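First the structure, in the form of structure tokens, and then the observations on it.
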Amino acid sequence: MMCGVWSLKFFQKNLFMNPRFFLVALSALSLVACGDDQADLKNQQAVDALIKKTKDELVRVEGGTFQMGDFGPIDPNLKGSDKGLPYSADQDNKPLHEVTLDTFYMSPTKVTYADYDVYTEATGKDKINSTNQFEMQFRQDNVPAGVDWYQAKDYCDWLAKETSLPFSLPTEAQWEYAARSGGKFIPYGTITGALEKGTSIPTLADVDKSTGAGDNSIYAPYPVRLYPPNSLGLYQMGDNGYVWTFDWYQPDYYQYSPKENPKGPSGGSEKVVRGLAPGEGLGGALTMERYHRRPGLMSSGDDKSSAVPYTFRCVLNDKSLK
């Protein structure tokens with residue numbers, strides 16, 4: 001028997017005309033309730049599985065002190081004519097400054113569409129990037145979910161509420177420290193510390209094979225574990241999407257940033273993003289490179305940015321978890 005919805009008028013009319021209808025109606029209503037219960041149970045099971053996976057996979061990042069920013073001038077690995085030179089011409093990743101961070105945990109991968117869909121189903125929100133044809137062509141379960149800053153923050157806040165643990169977006173300092181495998185002199189957050197197509201970052205053929213994007217492969221986000229992680233066990237720390245951080249952006253923040261666990265300026269109009277989107281640059285951003293975007297991705301005039309290239313992961317600010 002299939003579940004159905006009975007109108008109140010139909011129920012009242014038939015109840016008084018035929019007492020036997022009362023039993024039939026009760027049976028039908030029970031089936032509707034049963035169907036709702038089964039859907040709720042299935043959704044709760046998906047939430048429980050997501051939370052368990054999230055907690056089980058967390059990567060412990062031991063706290064410590066490091067030199068944050070463009071470390072080129074002090075990088076002992078640079079030789080010859082490159083020695084003593086900055087990695088970047090940008091000024092907002094300067095001056096180099098000392099930062100000390102407490103131990104934290106970070107998700108090994110960016111939050112995928114599969115993960116985010118569990119969250120939107122559980123909270124009654126609309127499924128993201130499922131109506132625009134351009135965005136839909138890049139939507140797969142195992143690639144990073146494209147969101148604005150508010151959507152990213154809401155997801156991490158939801159994890160915090162569901163687990164009663166202090167999940168949040170990573171601070172800019174936490175992201176850089178983790179991308180540099182604990183603040184080491186590592187220019188790119190890959191398994192080799194360099195951008196090597198086919199070894200540490202994918203080729204266009206790799207992306208096309210894994211996504212079927214064809215001519216759009218250069219713009220397509222790819223699976224979150226397509227290539228090995230950095231030495232801490234963190235995947236794609238610099239490629240496969242811009243990454244939202246907790247911090248507001250100010251170009252001169254490094255000049256007055258506190259030494260202990262900095263969390264960015266108290267306010268602003270844009271948020272710091274790290275990493276690089278597919279189709280931009282050579283495949284990944286330098287670990288010290290800073291970018292900035294409006295948290296809602298709306299700019300002045302008639303330009304509205306797509307959320308697809310903007311990704312995120314959560315951190316757990318609890319050094320006693322494991």
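The values are calculated or read from the model by the stated rules, or taken from the named source; none is laboratory data. Predicted, not measured: the structure shown is a model, and the values here were computed from it. Here Cβ is always computed from backbone atoms with ideal geometry, including for glycine, and neighbour counts include all displayed protein chains.
Within segment 33-54, track down each residue that is closer than 22 Å to TYR105 by Cβ and either in the same structural domain as GLY264 (by TED's automatic domain parsing) or not basic (Lys, Arg) (or both). Walk me through it before giving the result.
Narrowing segment 33-54 to residues closer than 22 Å to TYR105 by Cβ: 47-54.
Scanning segment 33-54 gives VAL47, ASP48, ALA49, LEU50, ILE51, THR54.
Here's the yes/no breakdown for (1) part of a loop (DSSP other than H, G, I, E, B); (2) modelled with pLDDT of 95 or more:
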| site | (1), (2) |
| --- | --- |
| ASN43 | no, no |
| THR54 | no, yes |
| ASP70 | yes, yes |
| PRO76 | yes, yes |
| ASN93 | yes, yes |
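Let's see how each residue does on (1) over 17 Å from ARG60 (Cβ atoms); (2) in contact with a Phe, Trp or Tyr (Cβ under 7 Å, 6 or more places away or on another chain):
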{"residue": "ALA160", "(1), (2)": "yes, yes"}
{"residue": "PHE167", "(1), (2)": "no, no"}
{"residue": "GLY182", "(1), (2)": "no, no"}
{"residue": "LEU195", "(1), (2)": "yes, yes"}
{"residue": "VAL207", "(1), (2)": "yes, yes"}
{"residue": "SER210", "(1), (2)": "yes, yes"}
{"residue": "SER231", "(1), (2)": "no, no"}
{"residue": "TRP248", "(1), (2)": "yes, no"}
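With respect to SER320, is the statement that it is modelled with pLDDT under 95, loosely packed, with under 15 Cβ neighbours inside 10 Å and in contact with a Leu (Cβ under 9 Å, 6 or more places away or on another chain) true?
On the way: modelled with pLDDT under 95: yes; loosely packed, with under 15 Cβ neighbours inside 10 Å: yes; in contact with a Leu (Cβ under 9 Å, 6 or more places away or on another chain): no.
When the stated conditions are applied, SER320 does not pass them.
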Of the conditions (1) under 20 Å from the mean Cα position of the chain (by Cα); (2) part of a helix (DSSP H, G or I); (3) at pLDDT below 95; (4) loosely packed, with under 15 Cβ neighbours inside 10 Å, the single one that ALA205 does not satisfy is (1)
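Any idea which residue in segment 208-220 is surrounded by the most Cβ atoms within 10 Å (Cβ to Cβ), counting only those that are part of a loop (DSSP other than H, G, I, E, B) and in contact with a helix residue (DSSP H, G or I) (Cβ under 8 Å, 6 or more places away or on another chain)?
We begin by selecting, within segment 208-220, every residue part of a loop (DSSP other than H, G, I, E, B); these are 212-213, 220.
Filter once more, keeping what is in contact with a helix residue (DSSP H, G or I) (Cβ under 8 Å, 6 or more places away or on another chain): 213, 220.
On the way: ALA213: 20, ALA220: 23.
The selected residue is ALA220.
Report yes if some residue within segment 108-125 is among the polar types (S, T, N, Q), assigned by TED's automatic domain parsing to the domain that holds ASN240, at positive phi and out of contact with any strand residue (DSSP E or B) (no Cβ under 6 Å at 6 or more places or on another chain); otherwise report no. Reasoning before the result, please.
So the first thing to find is which residues in segment 108-125 are among the polar types (S, T, N, Q), and the list is 109, 112, 120, 123.
From the residues that got through so far, the ones that are assigned by TED's automatic domain parsing to the domain that holds ASN240 too are 109, 112, 120, 123.
Adding the requirement that they be at positive phi leaves none.
Scanning segment 108-125, I find no residue that is among the polar types (S, T, N, Q), assigned by TED's automatic domain parsing to the domain that holds ASN240, at positive phi and out of contact with any strand residue (DSSP E or B) (no Cβ under 6 Å at 6 or more places or on another chain), so the answer is no.
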- Message: It is to be established whether one or more residues within segment 144-161 are surrounded by fewer than 16 Cβ atoms within 10 Å (Cβ to Cβ) and over 26 Å from LYS271 (Cα atoms).
- Response: no
Log entry, pairs with first residue in segment 70-98 being in the same structural domain as GLU289 (by TED's automatic domain parsing), second being in a loop (DSSP other than H, G, I, E, B) and polar (S, T, N, Q), beta carbons closer than 8 Å, six or more apart or on different chains, reads ASP70/SER88; ASP70/ASN93; GLY72/SER88; HIS97/SER257
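Considering only residues that are of a type outside the set (D, E, K, R) and under 21 Å from LEU232 (Cα atoms), which ones fall in segment 60-75?
Matches in segment 60-75: VAL61, GLY63, GLY64, THR65, PHE66, GLN67, MET68, GLY69, PHE71.
Test THR311 against the stated conditions and say whether it is farther than 24 Å from GLN67 by Cβ and modelled with pLDDT of 95 or more.
Numbers: farther than 24 Å from GLN67 by Cβ: yes; modelled with pLDDT of 95 or more: yes.
In short, yes.
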Scanning segment 245-274 for residues that are surrounded by 15 or more Cβ atoms within 10 Å (Cβ to Cβ), in contact (Cβ under 8 Å) with a residue 60 or more places away in the chain and not aromatic (Phe, Trp, Tyr) gives THR245, ASP247, SER257, ASN261, PRO262, LYS263, GLY264, LYS271, VAL272, ARG274
Residue pairs qualifying under the 8 Å Cβ cut-off, at least six apart or on distinct chains, with the first in segment 153-172 being more than 13 Å from ASN317 (Cβ to Cβ) and the second being of a type in the set (Lys, Arg) and outside any loop (DSSP other than H, G, I, E, B), are GLU172/ARG274
